[in-house]
Amino acid sequence: RFFDMETKTVDARGFSCPQPVVMTKKVLDKLSGGRVEVLVDTVTSRENVLRFGRNAGWKGDFEETENGFKVVLEK
């Protein structure tokens, strides 16, 4: 049965690693699938969150935003 899954947003801007990954993990641990958008403001955080998401079995991509990056994880 198909239904619209809610998009979860994690605002990790202003946090240095590993905090954005820890914040993302807390959300992913509660989900079996869906879409999670993680807002980060450094390339290092973007890469670490992407790597973590992919290692956890989620598809990951990102887009640049006005004040950083939006990492999109989907499963």
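When the residues of segment 48-75 are narrowed to those that are assigned to a strand (DSSP E or B) and of a type in the set (Asp, Glu), which ends up farthest from SER32 (Cα to Cα)?
Here is the first cut: in segment 48-75, the residues assigned to a strand (DSSP E or B) are 59-65, 68-74.
Imposing the further condition that a residue be of a type in the set (Asp, Glu) reduces the set to 61, 63-64, 74.
Working: ASP61: 18, GLU63: 24, GLU64: 26, GLU74: 10 Å.
Here the residue is GLU64.
Those residues that are β-branched (Val, Ile, Thr) and under 18 Å from THR7 (Cβ atoms), I need them from segment 17-75; list them, please.
First, the residues of segment 17-75 that are β-branched (Val, Ile, Thr): 21-22, 24, 27, 36, 38, 40, 42-44, 49, 65, 71-72.
The answer is THR24, VAL27, VAL36, VAL38, VAL40, VAL49, THR65, VAL71, VAL72.
Quickly run through segment 1-35 and pick out the residues that are part of a helix (DSSP H, G or I), open to solvent by less than 50 Å² (accessible area, probe 1.4 Å) and within 21 Å of ASN67 (Cα to Cα). Explain how you work it out, then say what you get.
We begin by selecting, within segment 1-35, every residue part of a helix (DSSP H, G or I); these are 19-28.
Add one more test, that the residue is open to solvent by less than 50 Å² (accessible area, probe 1.4 Å), and what stays is 20-21, 23-24, 27-28.
Answer for segment 1-35, where residues must be part of a helix (DSSP H, G or I), open to solvent by less than 50 Å² (accessible area, probe 1.4 Å) and within 21 Å of ASN67 (Cα to Cα): PRO20, VAL21, MET23, THR24.
Hey, among the residues in segment 36-75 that are charged (D, E, K, R) and in contact (Cβ under 8 Å) with a residue 40 or more places away in the chain, which one's least open to solvent (accessible area, probe 1.4 Å)?
Start the filter on segment 36-75 by keeping residues that are charged (D, E, K, R), which leaves 37, 41, 46-47, 51, 54, 59, 61, 63-64, 66, 70, 74-75.
Checking the rest, the ones that are also in contact (Cβ under 8 Å) with a residue 40 or more places away in the chain come to 74-75.
On the way: GLU74: 71, LYS75: 115 Å².
Within segment 36-75, the match that is least open to solvent (accessible area, probe 1.4 Å) is GLU74.
Among the residues of segment 7-44, write down those that are under 9 Å from the mean Cα position of the chain (by Cα) and among the hydroxyl-bearing types (Ser, Thr, Tyr).
THR9, THR24
The values are calculated or read from the model by the stated rules, or taken from the named source; none is laboratory data. Here the structure is a predicted model, which is why all the values come from computation and not from measurement. We place every Cβ from the backbone using ideal geometry, glycine too, and count neighbours over all the protein chains shown. Protein only, heavy atoms only, side chains kept; ligands, DNA and RNA dropped before computing areas. Shrake-Rupley method; radii C 1.70, N 1.55, O 1.52, S 1.80 Å.
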